[in-house]
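Report on the structure given below.
The values are calculated or read from the model by the stated rules, or taken from the named source; none is laboratory data. The structure presented is a predicted model; accordingly, all values stated were derived computationally and were not measured. Note that each Cβ is placed from the backbone with ideal geometry, even for glycine, and that neighbours are counted across all protein chains shown.
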Amino acid sequence: MTDEKKCKIVIFGAFGAGKTTLIKTLDPESTHVEADCTGGTTTVALDYGRLQVNGHSVYLFGTPGQERFEFAREIISKGMDGAILIVDATSMLDDFTKHLYDSLSSARVPLVVFLNKCENIGANPELLKKQFGTSPVWMVSALDKKQSINALGNFVKTLPSHPNVHNHT
């Protein structure tokens, strides 16, 4: 029997918010199920990565960013210890992202919002921060490995550590 602490983090966000990029940055060996689409590729099933953070084996699951994949998000999110909602700070808050935030908030799952692309022209993180109630909102570049690992590590530290939390595979 191992004392290894396991943690399942599910990453939510709209198309193009940076879910896949964040997981690839955190785990270059990560797995992605993608399809070609206008403008590049899109996740159609999930992204999966894993890494060690603060003594935890963190398993990352990225969800598809299109509304029609609600069923996949429901399946992927079963048993999650925490959720990251990644938001493109260069765009206005859309209805889909609001839906994701409301759903995660009402599920009472530990939640953090990562504002991505804050360094890009047109970003307005200060305006977006106000849209997420009392949830923690952090500015994180999905392309910056050190920043992404630090943000993930800080989130993992906030997760409850009761006996049922870290038993996922």
For segment 96-120, the count of residues that are hydroxyl-bearing (Ser, Thr, Tyr), in contact (Cβ under 8 Å) with a residue 24 or more places away in the chain and surrounded by fewer than 20 Cβ atoms within 10 Å (Cβ to Cβ) equals 1
Qualifying residues in segment 68-103 (those that are in a helix (DSSP H, G or I), under 23 Å from ASN124 (Cα atoms) and hydrophobic (A, V, I, L, M, F, W, C)) - the one nearest to the chain's Cα centre (by Cα)
LEU100
Selection within segment 64-95 - crowded, with 23+ Cβ neighbours inside 10 Å and more than 22 Å from CYS118 (Cβ to Cβ):
PRO64, ASP81
Which is among the aliphatic types (A, V, I, L, M), at pLDDT below 90 and either within 29 Å of PRO28 (Cβ to Cβ) or out of contact with any Cys (no Cβ under 9 Å at 6 or more places or on another chain) (or both), of LEU104, LEU127?
LEU127
Would you pick out the residues in segment 110-161 that are assigned to a helix (DSSP H, G or I) and of a type in the set (D, E, K, R)?
GLU126, LYS129, LYS130, LYS145, LYS146, LYS157
When you look at THR42, is it assigned to a loop (DSSP other than H, G, I, E, B), surrounded by fewer than 23 Cβ atoms within 10 Å (Cβ to Cβ), modelled with pLDDT under 95 and among the hydroxyl-bearing types (Ser, Thr, Tyr), yes or no?
no
With the requirement that a residue be under 18 Å from ALA142 (Cβ atoms) and out of contact with any Gly (no Cβ under 7 Å at 6 or more places or on another chain), what does segment 70-92 give you?
GLY82, ALA83, ILE84, ALA89, SER91
